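Comments concern the structure below.
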Amino acid sequence: KAGIVVIADEQTAGKGRLGRKWYSDKGGLYFSISLHPRLPMDDLPKITLTAGVAVCEALSFANARLKWPNDVLIGKKKVAGVLCEVFGEADIPSVVVGIGINVTNPIPEEIENTATNLSSFNVSRKEIFIDVIRNFFSLYRKLPERWEEVRLRWKELSDTLEKEVEVRIADRTYKGVAVDIDDSGALILVSDGKVERVFSGECFYLVG
C-alpha cells in the first residue's frame, strides 16, 4: 500500500547504495516510506532528490547540505543517506524510500573520518522524524507539476555544485566541475568544454 511508513529502532542488515553496509545501531533514525508515484520511470530519480531536500531541511539547525545524489552532510561528513528502490511493473512502479539519519547512535571507528551524528545537538529522533515526514510529503505532492521548485531548492542546499568531482558508475568514470542539476535530476559536469549528464553513481570531491 502507498503511504505506509515503517520505522526500525535498529537494523541488523541496513544497507546503502550498491548493497553496502549501513551501520544502524540504536540511537539512529531508520525508516522507509512506500509510494505509488504518478511518475514515469525516467522521473523516479527525482524522488531521491526530493527526499534529500526533506532531510536536509529538517536538519537545517545543523547547517546540513546535500551531496549528489543521496547524501546529507554536516561539514564534510555524512550524517544521513537516502536509498530509493523500485518494485513492480514499469507502467505502475512502486517505490520504497529508505532514509537513515545518525542521531545519537555511535559512529564506528572505521568510518569516523567520513561520518558524523547529531549527538552535539539538543534534538530528538521524534522531532527529526516528524519534520522529515512533513517536509517529504509536502515536497512529494509537488511532483511532477512543480518539480522545478524542488530542483531549485536542491540547488540552494547543494554542497556539490561548483566543485570538481569524480563520479563512478559501473566501469565508467566521469570527471568535471558540477555545474547544475537538470530537469531530470541528472548531474551536469563540464570538463574541457565537454558537457556530461550523469544520472547515477558514486560522487567523490576532488582536491586541487
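The values are calculated or read from the model by the stated rules, or taken from the named source; none is laboratory data. Please read all numbers here as calculations on a predicted model, not as lab measurements. Note: ideal-geometry Cβ built from the backbone for every residue, glycine included; neighbour counts use all protein chains shown. When the accessible area is computed, the model is the full protein with side chains, heavy atoms only, and any ligands, DNA or RNA have been set aside. Shrake-Rupley method; radii C 1.70, N 1.55, O 1.52, S 1.80 Å.
Of everything in the range 91-110, what is open to solvent by less than 70 Å² (accessible area, probe 1.4 Å) and assigned to a loop (DSSP other than H, G, I, E, B)? Give them in sequence order. So that I can check it myself, show each step before the final result.
Applying the first criterion (open to solvent by less than 70 Å² (accessible area, probe 1.4 Å)) to the range 91-110 yields 93-103, 105, 107-108.
Once the filter is applied, which keeps residues that are open to solvent by less than 70 Å² (accessible area, probe 1.4 Å) and assigned to a loop (DSSP other than H, G, I, E, B), the range 91-110 yields 102, 103, 105, 107, 108.
What pairs can you find where one residue is in the range 1-25 and farther than 21 Å from residue 104 by Cα, the other is assigned to a loop (DSSP other than H, G, I, E, B) and modelled with pLDDT of 85 or more, and their Cβ atoms are less than 8 Å apart, with a gap of 6+ or different chains?
The qualifying pairs are 2/36; 17/70.
Does residue 72 satisfy the condition of being more than 17 Å from residue 11 (Cβ to Cβ) and either under 11 Å from the mean Cα position of the chain (by Cα) or surrounded by 21 or more Cβ atoms within 10 Å (Cβ to Cβ) (or both)? Spell out how you get there, then give the answer.
On the way: more than 17 Å from residue 11 (Cβ to Cβ): yes; either under 11 Å from the mean Cα position of the chain (by Cα) or surrounded by 21 or more Cβ atoms within 10 Å (Cβ to Cβ) (or both): yes.
The answer is yes for residue 72.
Would you point out which residue out of 82, 53 is under 30 Å from residue 188 (Cα atoms), out of contact with any strand residue (DSSP E or B) (no Cβ under 6 Å at 6 or more places or on another chain) and β-branched (Val, Ile, Thr)? So that I can check it myself, show each step before the final result.
Working: 82 fails: out of contact with any strand residue (DSSP E or B) (no Cβ under 6 Å at 6 or more places or on another chain).
Result of the check over 82, 53: 53.
If we keep just the residues of the range 3-24 that are open to solvent by 60 Å² or more (accessible area, probe 1.4 Å) and aliphatic (A, V, I, L, M), which is nearest to residue 83 (Cα to Cα)?
Ranking the qualifying residues of the range 3-24, first place goes to 18.
Restricting attention to the range 25-44, does a residue exist that is outside any strand (DSSP E or B), within 15 Å of the chain's Cα centre (by Cα) and either modelled with pLDDT of 95 or more or surrounded by 15 or more Cβ atoms within 10 Å (Cβ to Cβ) (or both)? Talk me through it step by step, then tell me what you get.
Residues of the range 25-44 that are outside any strand (DSSP E or B), as a first pass: 25, 27, 36-44.
After this cut, where a residue has to be within 15 Å of the chain's Cα centre (by Cα) as well, the list is 44.
Okay, now just the ones that are also either modelled with pLDDT of 95 or more or surrounded by 15 or more Cβ atoms within 10 Å (Cβ to Cβ) (or both), so 44.
Looking through the range 25-44, at least one residue is outside any strand (DSSP E or B), within 15 Å of the chain's Cα centre (by Cα) and either modelled with pLDDT of 95 or more or surrounded by 15 or more Cβ atoms within 10 Å (Cβ to Cβ) (or both).
Restricting attention to the range 147-167, does a residue exist that is assigned to a strand (DSSP E or B), free of Cβ contacts under 8 Å to residues at least 60 places away in the same chain, of a type outside the set (A, V, I, L, M, F, W, C) and loosely packed, with under 13 Cβ neighbours inside 10 Å?
no
Output yes when any residue across the range 135-145 is basic (Lys, Arg), under 18 Å from residue 64 (Cβ atoms) and out of contact with any strand residue (DSSP E or B) (no Cβ under 6 Å at 6 or more places or on another chain), and no when none is. Full working, then the answer.
Of all residues in the range 135-145, those basic (Lys, Arg) come to 141-142.
Then drop every residue that is not under 18 Å from residue 64 (Cβ atoms), which leaves none.
No: zero hits.
Picking from 117, 113, which residue would you name as being closer than 24 Å to residue 5 by Cβ and either touching a Phe, Trp or Tyr at 6+ places or on another chain (Cβ under 7 Å) or outside any helix (DSSP H, G or I) (or both)?
From the options 117, 113, the qualifying one is 117.
Return the total of residues in the range 78-90 being open to solvent by 40 Å² or more (accessible area, probe 1.4 Å), in a strand (DSSP E or B) and more than 13 Å from residue 32 (Cα to Cα).
4
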